[in-house]
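S.K.: The structure follows.
Please treat every number below as a calculation from the coordinates, not as lab data. Values in this document were obtained by computation on a predicted structure and should not be read as measured data. Glycine gets a Cβ as well: all are built from the backbone with ideal geometry, and neighbour counts include every protein chain shown.
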Amino acid sequence: MLTNSTTLKQKIDSLWDKFWSGGISNPLTAIEQMSYLIFLKRLEDMDNSNAVGAKRRNEKFTSVFKGNEDCRWSYWSQLPGDQMIKIVRDKVFEFLRNLGGETSSFTQHMQDAYFNIPKTTLLQEAVNIIEDLHITEQNVDVQGDLYEYLLMQLTTAGKNGQFRTPRHIIRMMVKLVDPKIGDRICDPACGTSGFLFNAYTHILEQNTSKDVLDYDEEGIPHHLIGDKITDKKLFKFLKTHALTGYDFDSTMTRIGAMNLMLHGIDNPNIRYTDTLSKAFNEKELYDIVLANPPFKGSIDETDVNARFKTKTKKTELLFVELIYDLLVTGGRAAVIVPDGVLFGTSNAHIDLRKILIDNCKLEGIISMPSGVFKPYAGVSTAVVVFQKGGITDKVWFYDMEADGFTLDDKRNKTDKNDIPDIIEQWASRPTPSPSKEGSKKVVEVDVKEIRENKYDLSISRYKPVEYEEVKYEKPDVIMEKVLELEKEIESEISAIKKFLGT
């Protein structure tokens, strides 16, 4: 990971300082400019790889750089500083804005892309750092690492909700809902498209022969060729229509679209939309919804969509009901919510939980420790997994205490990690797996008991409290020790009196 490379971190710290002193004070502007450059670097790598593949298959190949050879990273990144900044500003970004063709959704997102690195030396340093990242097929998510690390420099990042869900939490959630080929998958607050990308790689992993797959030290799969997908229409559907993301921040939609395009999604379906507003009326479209929606703040009451039965302005409640609406009957969701959603006593909180329990099959709730989103936010959160329709008879709870990283601001790696056990226990439902002590963290609660407790879904209400038996000595032994202690005290007092001559 990028965050484990001290030298690279130092270079990025230096670059960040120079972005700041150079007049780029908005963190998303810095991230966006770096994302554009990373995209341009990877674009040439992918183009070269596609050329080799086409040659092997004896297929005709047309480079995306045809007629624009001077837009290749390998060309302009080697130019002297003054020439480099001129061609990037005047030619490369124009090429980038029109990359997907006039009808491409990617091109629509990129219409507002602009070059905003004011100094030649700043551009040169950014190019050098990207060269040092060695972004290849084996390390494609380094863009996300870079994004995370840049945000770690800011104390205000969490206030705007602009922080990325940790990859290991995303991968856990994807495994819980287990998307399949042919599923329509959505994230209504997609940000950098991390959930969509990981759902895509999960499907490819499940459909790639084991002898082809290769896993890195973090367990991330590579060589995802999807050779077991024999239906060409399904494969095309996966790459063109299976993934849909929405976000109300145009900068994030651009970064999210670039992220998906770098991972093989030719025409990313990322839309600039406020999904809570009156203007958004889509429903019952998706088989899978994965999300970590914003849960700080409230929406303008006059713009709240009339679809919502939950009468509230709190976005964390509205997003969960939105996700319910977006699912087809039988569709499944995994969504991160602040703990207050699980036990809040307002009518809106209770009404939302009634939807999850009475209108859905509420499958599971994983309580996460408060440090999971540090350094951006210290709020306690939970993952809620549910299926639209069906009947809730029991709810599966897991009390996560560790996620593989320390729970302080540093978030260093540690051996304590409940996530493998969560996946194992989830797969073995309704019988807890006996193979690990972690099974003690699992509680299954009858829905009748939950209803009797005002639909409270906090694990602390239902998890048995284990008391350690305290063994006391026999009374005569205790008395003997007390008498012995008194003798010692009297002896010490006598010694003090003698010393004082009294």
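S.K.: Could you please rank Thr253, Thr244, placing first whichever residue has the fewest other Cβ atoms within 10 Å of its Cβ?
M.R.: Taking fewest neighbouring Cβ atoms as first place, the list is Thr244, Thr253.
S.K.: Going by alpha carbons, how many degrees (0 to 90, nearest 10) lie between the helix axis of 250-262 and the longest principal axis of the chain?
M.R.: It is inclined by approximately 80 degrees.
S.K.: Applying 1/(1 + (r/R0)^6) with R0 = 35 Å to the Cβ-Cβ distance of Lys313 and Lys180, what FRET efficiency is obtained, to the nearest 0.05?
M.R.: 0.45
S.K.: Let me understand segment 46-128 better: what is its radius of gyration from the alpha carbons, and its Dmax, in angstrom?
M.R.: So, for segment 46-128, Rg and Dmax equal 14.8, 45 Å respectively.
S.K.: How big is the equivalent ellipsoid of the chain along its three axes, where each semi-axis is √(5λ) from the Cα gyration tensor, reported in whole Å from largest to smallest?
M.R.: That gives 48, 32, 23 Å for the three semi-axes.
S.K.: Next question. Could you state the angle between the C-alpha long axis of helix 167-177 and the longest principal axis of the C-alpha atoms of the chain, as a value from 0 to 90 degrees rounded to the nearest 10?
M.R.: So the helix axis and the longest Cα principal axis differ by about 90 degrees.
S.K.: Could you list which residues have their amide H under 5 Å from that of Glu444, counting only those 5 or more apart in sequence or on another chain, with H placed in the peptide plane?
M.R.: Phe397
S.K.: Right, here's the next one. How many nm separate the modelled label positions at Glu480 and Val328, each set 7 Å beyond the Cα in the direction of the Cβ?
M.R.: The modelled label-to-label distance comes out at 7.8 nm.
S.K.: What ³J(HN,Hα) values, in whole Hz, does the Karplus curve 6.51 cos²θ - 1.76 cosθ + 1.60 give for segment 231-237 when θ = phi - 60°, with x put for Gly and Pro?
M.R.: 7, 4, 5, 5, 5, 5, 4
S.K.: Restricting to bridges with both residues inside the chain, how much of the DSSP beta-bridge set is antiparallel, in percent to the nearest 5?
M.R.: For the chain, the DSSP antiparallel bridge percentage is about 60.
S.K.: Relative contact order of the chain, please, whole-number percent, based on alpha carbon pairs below 8 angstrom and at least 6 residues apart.
M.R.: Reported as a whole number, the value is 10 percent.
S.K.: Which one, Ile185, Trp16, Leu485, projects farthest toward the positive side of the charge dipole computed for the chain from Cβ point charges (K/R +1, D/E -1)?
M.R.: Value: Ile185.
S.K.: Follow-up. Using a Förster distance of 30 angstrom, determine the FRET efficiency expected from the C-beta separation of Leu285 and Lys463, and round it to 0.05.
M.R.: 0.25
S.K.: Would you grab the residues whose amide H sits under 5 Å from the one on Lys394? Only those 5+ places off in sequence or on another chain, please, with H modelled 1.01 Å from N.
M.R.: Residues meeting the criterion, in which the H sits 1.01 Å from N, are Val447.
S.K.: Separate question: List the pairs from Lys394/Lys441; Lys55/Lys232; Lys354/Lys448 whose alpha-carbon separation is above 18 Å, in the order I gave them.
M.R.: Numbers: Lys394/Lys441 16 Å; Lys55/Lys232 21 Å; Lys354/Lys448 12 Å.
Beyond 18 Å: Lys55/Lys232.
S.K.: 5 Å is the cut-off here: which amide hydrogens, built 1.01 Å from N in the peptide plane, fall below it relative to Asn68, excluding neighbours closer than 5 in sequence?
M.R.: So Asn68 has HN proximity to no qualifying residue.
S.K.: Give, in nm to one decimal, the length gained when the segment between Lys91 and Asn26 is fully stretched (0.36 nm per residue of separation minus the Cα-Cα distance).
M.R.: Gain on stretching Lys91 to Asn26: 20.9 nm.
S.K.: If you don't mind, there's one more thing I want to ask. How big is the dipole moment of the chain about its Cα centre under a simple scheme where the beta carbon of each Lys and Arg is +1, that of each Asp and Glu is -1, and everything else is neutral? Debye, nearest 20, please.
M.R.: Values: 65 positive and 76 negative charges, 276 e Å.
That gives a dipole near 1320 debye.
S.K.: Per residue of segment 209-220, what does 6.51 cos²θ - 1.76 cosθ + 1.60 with θ = phi - 60° give for ³J(HN,Hα)? Whole Hz please, x for Gly and Pro, Karplus curve as stated.
M.R.: 4, 4, 6, 9, 5, 9, 10, 8, 5, 9, x, 7
S.K.: Right, something else. Taking the chain as the reference, fit the longest principal axis to its C-alpha atoms, fit the long axis of helix 120-133 to the helix C-alpha atoms, and give the angle between the two in degrees, 0 to 90, nearest 10.
M.R.: Orientation of helix 120-133: about 70 degrees from the principal axis.
S.K.: Starting from the Cα-Cα distance between Val52 and Glu301, subtract it from 0.36 nm times their residue separation and give me the gain in nm to one decimal.
M.R.: 84.1 nm
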